[in-house]
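The values are calculated or read from the model by the stated rules, or taken from the named source; none is laboratory data. Quick caveat, the model's predicted, so the values are computed rather than measured. Note that each Cβ is placed from the backbone with ideal geometry, even for glycine, and that neighbours are counted across all protein chains shown.
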C-alpha cells in the first residue's frame, strides 16, 4: 500500500491537472461560441454556391471543360485541415486516418497542410508535404482560402496535379464533428446533377460556357475551402471542450479515489499508533 505522503503528492498533482483542464474547457467553450456563430453564418453561402453550380451543370448538358475532367498528371493534391495544438481528443488523428486509410497511393499524394499537427504526422509517415499553411488556421480569412486555391488551380491547369481533394472536419453541432475527404476538382458533374433539383430548362451561356465556368468553378472551390476552414475551427474547439470536460471528470474521480485511500491510510496509521501505545503500556504493567 502506498504511503500517505505518496498518495497526497499524487492527489495534489491531479488536482493541479484538473484545474488546468477545467480552465482549458472554459476557454474552448468561449471560443466555440464565437466560431460557431461564424460557421453558421458562412454555411449558407457555401450551400448556395454548391446549389448554384449544381443547377448550372444540371442544365448544361455534356460540357467538355478542363474543370470537369481529370488532369493529365497522376498526382493528387490533398488540402489537409487540422489544428496547431493538441489536447483535442481524436480531432487531428481522425483526419490523418482519412489520408492513410484512403485508396490513393502514397506516392501519388501531394499534401498541402493547414495545421501543424496533421503535417507532422503525415511527414513522419513519408507523405510529400508540398506546402505548409499552418498559420492560416489560427484566424481563417477568405483571402487565405483564395490564395491557396489559386495556387492549386494553377497547378491543376498547368498539368502538375490531376485531382484536388479536401480533408477537414465538418461541424454539425457542439458534440458531433464528422471528418470528410471530398473531391474539389475535377467537379463530378454527374454526381452534382443528381444532387440538383433544377428543372430541365437548358442553360445558355454568354459569351460562352468556357469563360463562364472559368469564373464560376474557382469561386465554387474557394467557397468550399473557406467554409471548411471555418467549420474545422469550430470542430476543433468543440472537440477540445469535450476532451477537457472528460479529463476534468476523470481527474475528479481519481481525486475521490485517492482521498478515500488517503483516509484509509491515515486511519490505519492512527490505529497502528494506538496499538503500539496500548502494547507499550501493557508491557510496562
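Looking only at region 163-181, which residues are over 12 Å from the mean Cα position of the chain (by Cα) and either modelled with pLDDT of 90 or more or crowded, with 19+ Cβ neighbours inside 10 Å (or both)?
Residues satisfying the conditions are 163, 164, 165.
Give region 133-162 a look and list any residue that's surrounded by fewer than 16 Cβ atoms within 10 Å (Cβ to Cβ), outside any helix (DSSP H, G or I) and over 20 Å from the mean Cα position of the chain (by Cα), or say none.
The answer is 158, 159.
Take residue 58 and decide whether it is surrounded by 20 or more Cβ atoms within 10 Å (Cβ to Cβ), farther than 25 Å from residue 232 by Cα and in contact (Cβ under 8 Å) with a residue 60 or more places away in the chain.
Yes, satisfied.
List the residue pairs whose Cβ atoms are under 7 Å apart, where the first residue sits in region 260-272 and is surrounded by 13 or more Cβ atoms within 10 Å (Cβ to Cβ), the second is part of a helix (DSSP H, G or I), and the two are 6 or more positions apart or on different chains.
261/7; 262/4; 262/7; 262/8; 262/11; 265/4; 265/7; 266/4
Within region 61-106, can you find the residues that are part of a helix (DSSP H, G or I) and crowded, with 21+ Cβ neighbours inside 10 Å?
Within region 61-106, 67, 91, 92, 95, 96, 99 qualify.
Would you please name the residue that is surrounded by the most Cβ atoms within 10 Å (Cβ to Cβ), looking only at residues in region 108-121 that are in a helix (DSSP H, G or I) and touching a helix residue (DSSP H, G or I) at 6+ places or on another chain (Cβ under 6 Å)? Don't jump to the end; show me each part of the working.
Residues of region 108-121 in a helix (DSSP H, G or I): 108, 116-121.
Narrowing the set further to residues that are touching a helix residue (DSSP H, G or I) at 6+ places or on another chain (Cβ under 6 Å) leaves 116-118, 121.
Numbers: 116: 19, 117: 23, 118: 28, 121: 20.
Among those that are in a helix (DSSP H, G or I) and touching a helix residue (DSSP H, G or I) at 6+ places or on another chain (Cβ under 6 Å), it is 118.
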